[in-house]
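Where a number appears in this text, it was derived from the coordinates with a stated rule and is not lab data. Being a predicted model, the structure only gives us computed values, none of them experimental.
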Amino acid sequence: MTIRHHPEDELLLQLAAGRLDAAAAIVLAVHAEQCPRCRERVRDFEALGGVLLDALEPELLAPAALAETLARIDGAATPRPQAAAMPAVRAQLPEGLPWPRSLAGCAIGPWRLLGPGLRWSRIGAPHDAQANLFLLRVDGGRQLPMHSHRGREMTQVLYGAFDDGRGQFGPGDFDTADDAVHHQPVVLPGSTCVCLASVSGKVLFDGWLARIGGALVGM
C-alpha cells in the first residue's frame, strides 16, 4: 500500500492530546493504524506531551479538589439515556478487506441505498451518541454530488480510489475538506470505493435532491 495523502501534523497532535471529537478521532486512528509514518508521528507527540508534563512544577491542589473529583465520578456513573440501538447486521466489506481495529466497539449498521451506485452505513461511536461517522460505498465510475462544507469533513479511503480534481486518493489515503473546498469526488472506473468519513457541521450540496438525501443521512 502506497499512501500519498496524510493528515497535517496539527491533526495528529490533537489526536495524541485527546482534543478531537469522537468521530474525527476514530477516522484519524484508522489512518494511523494503516500508516506507519503517521503512527510514528502520533507516538512522538505523545512522548513529547509526557516530557512537557514531567517538566511542569508541582502545584498544590485546591482543598476541595478530591471531593469534587469523586462527585464527578459518581455523576458519571449515573445511567444516562442511550441513543437508539444500531442495527445488529454489519455492512459487508469487499472480499479480503478486514475491518480496521480502531472500529472495535463501534456499532456498524447495514448498507442503505442513498442513490444509484451509492450506499452508506451509519457507525455508532462508543460513548458519543452524537458522533457523525459513517461508511460510504460507491460503485466504479460513479460520482458524489458537487458540494462544499460548513465545518470539517475527514475521509479515510479503505478500498478503491477516487479523484476530486485536487488529486487521486487510494487505499490508506486521508483527506480533509472545509469551507474552502468545493468538489465532486469521482470513483475511478473498475472498482468499488469504500471510505470512512466524519462530518462536523454540514455538507452543503449544490442540488436540491442531493440536499434532501444528505439531510436524511445526517450529512
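Annotations
- Theoretical gain in end-to-end length, Glu8 to Trp111 [0.36 nm per residue, Cα-Cα removed]: 34.0 nm
- Length added when fully stretched, Leu66-Gln143, from 0.36 nm per residue minus Cα-Cα: 22.2 nm
- Computed 3J(HN,Hα) for the stretch 7-24, one whole-Hz value per residue from the Karplus formula 6.51 cos²θ - 1.76 cosθ + 1.60 where θ = phi - 60°, is x, 5, 4, 4, 5, 5, 5, 5, 5, 5, 8, x, 9, 9, 5, 4, 5, 5, glycine and proline marked x.
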